[in-house]
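Below is one structure, written out as structure tokens; the observations come after it.
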Amino acid sequence: MFPAIVGVAAASFMAMAEKGHLSTWKSWWTSLTQPAATRASGDRMKLKLLDQVNYVRIAAKHHPVKIDPELQDLLEAYQKTEIPENLDEVVDQVQNSIPRYYRVTVSSASRPSPTDLIHEFASFAQKTESEMTHFGFVVVPSSGGLSQRGLIVVGQRLDDFSPEILQSSQTDAFFNTCNHCGHPHICRVSNKQRSMTLACPSCTKTYAVVAADTHGRFRYVNEFLSGYKPPALFPKDQSRIQKLFTIWSAVHAHCTYKLDPETKRTQLDAWQTAVETQNIQAGDCEDSAIFLADWLGAEGFQVRVALGKYGDMGGHAWCVVRLDGSDYLLESTEGRPDMNNPPLAEFIGSRYVPEALFDRKAIYARSKPNGVWTGDYWSAKIWLQVEPRNASQAGKTAANSKRTRFISLNSKETYRLFMEPERMAIAKAPAPALAPFADLNEIPQGSKWEKTIEDRFGMPQP
């Protein structure tokens, strides 16, 4: 009897070997007796799959993806639980836990051996999207250890938005966290758009205004102010209001209004520094406003540049100065300064509606973007200060404080996800237009101003 039992067992063993099921039992036995070897096998599978994906991507001239440690830690948590049958749950967890993932593709399969599992994912490796940047993989036992289930995730992980990355990036999507409310969201902006205002999709407040300079470099708009002032001689007995009008008159007289070139397909708007505007003695409204604000600020005046709308004429830029308790709206593109007809905001400011302000230190956003404009350019309750380069702002620390559920587009094997509208930043393109100011006449006398010659005064090139 015993020889017969041995014979039947041997025959069953040979049949299993012929059908390929022997590797299943071998893997199961190894997982019980050598857990370290099982983990090493999972790491080898991960690298093989990464090689498969990148081999196809490089052949298609796409950037290779790389392992994301943060994503990998998230996936390896499934080793202590189980991989959800509904892959929507995986997609949700990835984007809720790591909100900077813009596109996510997920695939899962179960096979008895590592070789079979890698082969099963071969078709997935053939069709990852060109925008994808990162990769994660985990394998867990299934069917009581007689099979292995693999989960592969490929996604587009976005870099933090900044003017510098906007200039050099190959993508138009970036990650940001609102400085006001801490809402994590996606910015979709093109570097072909030469100036833009970004607002949070949750609180709708502006948190950044960016523009390209004459060299094509993007900057936060407050960085166009450098504290520059031309060499000028003022009478010793000149009052502050006289000095204000003298500087304003000098900018007005030596800066010819000139629109930036623009075509139907490409906006070529380039913002100038004060030095550039003075040297070429021409510019549009934001260029002359920056020149005027830089000079006034360097002379100790409380001044801000305003970006907004003038009546029905659309986008515009102007300066506002507070002096001795009065606010002056200074136009640098039209009219002639007249001390007998001072441009007090309380009398002429009704048609000027600012959307954002900036000085050398910061950008200022309206606390109630859709609220009624009251004419106050200085109240901290109306204007929220934003320092774009200050990474320690409260909003940055709240990056993961709010979560949003997403909707996915499903297929049999692969799950893809794109952002809902409430996850997208509100992007506007400022288009400053010519806006007449007032019927101003005389230029005050008594001061001397001359165009800077850089070689003579040692001024740096812009």
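The values are calculated or read from the model by the stated rules, or taken from the named source; none is laboratory data. All values derive from a computational prediction rather than experimental measurement. Neighbour counts run over all protein chains shown; Cβ positions are idealised from the backbone, glycine included.
The table that follows gives values for the structure above.
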read-out: Residue match in the range 338-345 (condition: out of contact with any helix residue (DSSP H, G or I) (no Cβ under 9 Å at 6 or more places or on another chain), free of Cβ contacts under 8 Å to residues at least 40 places away in the same chain and buried (at least 18 other Cβ atoms within 10 Å of the Cβ)); value: yes
read-out: Test: residue in the range 170-189 that is within 30 Å of ASP43 (Cβ to Cβ), among the polar types (S, T, N, Q) and buried (at least 23 other Cβ atoms within 10 Å of the Cβ); value: no
read-out: Scope the range 62-79; condition free of Cβ contacts under 8 Å to residues at least 24 places away in the same chain and under 26 Å from the mean Cα position of the chain (by Cα); matching residues; value: PRO64, PRO69, ASP73
read-out: Residue under evaluation VAL56, criteria (1) touching a Ser or Thr at 6+ places or on another chain (Cβ under 8 Å); (2) surrounded by fewer than 19 Cβ atoms within 10 Å (Cβ to Cβ); (3) within 28 Å of PHE161 (Cα to Cα), criterion not met; value: (3)
read-out: Residue in the range 192-201 that is surrounded by fewer than 21 Cβ atoms within 10 Å (Cβ to Cβ) and at pLDDT below 90 present; value: yes
read-out: Whichever residue in the range 78-137 is part of a helix (DSSP H, G or I) and among the charged types (D, E, K, R) and, among such residues, is nearest to LEU49 (Cα to Cα); value: GLU120
read-out: Any hit, the range 273-287, residues being touching a helix residue (DSSP H, G or I) at 6+ places or on another chain (Cβ under 9 Å) and within 20 Å of ARG366 (Cβ to Cβ); value: yes
read-out: In the range 369-385, the residues that are modelled with pLDDT of 95 or more and of a type in the set (Val, Ile, Thr); value: ILE382
read-out: Every pair of residues 6+ apart whose Cβ atoms lie under 9 Å, when the first sits in the range 310-323 and is at positive phi while the second is part of a loop (DSSP other than H, G, I, E, B) and not polar (S, T, N, Q); value: GLY311/ALA435; GLY314/ALA431; GLY314/ALA433; GLY314/ALA435
read-out: All positions within the range 147-182 that are part of a loop (DSSP other than H, G, I, E, B) and under 13 Å from the mean Cα position of the chain (by Cα); value: LEU158, ASP159, PHE161, SER162, SER169, THR171, ASP172, CYS178, ASN179
read-out: Elements of type strands (runs of 3 or more DSSP E) contained in the range 266-367, each with 1 or more residues being touching a strand residue (DSSP E or B) at 6+ places or on another chain (Cβ under 9 Å) and of a type in the set (Val, Ile, Thr); value: 302-310, 315-323, 352-358, 363-366
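Let's see how each residue does on (1) over 20 Å from VAL303 (Cα atoms); (2) part of a loop (DSSP other than H, G, I, E, B); (3) of a type in the set (S, T, N, Q):
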residue	(1), (2), (3)
CYS187	yes, no, no
ASN191	yes, yes, yes
MET196	yes, no, no
SER202	yes, yes, yes
ALA208	no, no, no
ALA212	yes, no, no
HIS215	yes, yes, no
TYR228	no, yes, no
